[in-house]
Amino acid sequence: MARAIRLPHDSDHSKPARLKLPDQMRFCAPAIDILALASSLGIPSRRIERAGDIAGAVEEGIRSGCLNLIELPIMP
């Protein structure tokens, strides 16, 4: 589905421009396992399911002193 975005060069700023992204630029089609991708690059990663777990995951990532990926699924 195309998303409406506002481009800085629009002459009519009252109407958002339409931009259709190709499938390769959308994370939903095809599905990309970003945790597996991060792991394949040697980046520690985890998926957080509960809001209460976010702070601990961020703190642990900071303590590690290296790049980390935290996936936070957002339900529409």
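Couple of notes before you dig in:
- Going through (1) at pLDDT below 75; (2) on the phi > 0 side of the Ramachandran plot; (3) not β-branched (Val, Ile, Thr) one by one, Ala29 falls short only on (2).
- Only residues that are out of contact with any strand residue (DSSP E or B) (no Cβ under 8 Å at 6 or more places or on another chain) and of a type in the set (D, E, K, R) were counted in segment 45-76, giving 6.
The values are calculated or read from the model by the stated rules, or taken from the named source; none is laboratory data. Values in this document were obtained by computation on a predicted structure and should not be read as measured data. As a convention, Cβ positions derive from the backbone with ideal geometry for all residues, glycine included, and neighbour counts pool all protein chains shown.
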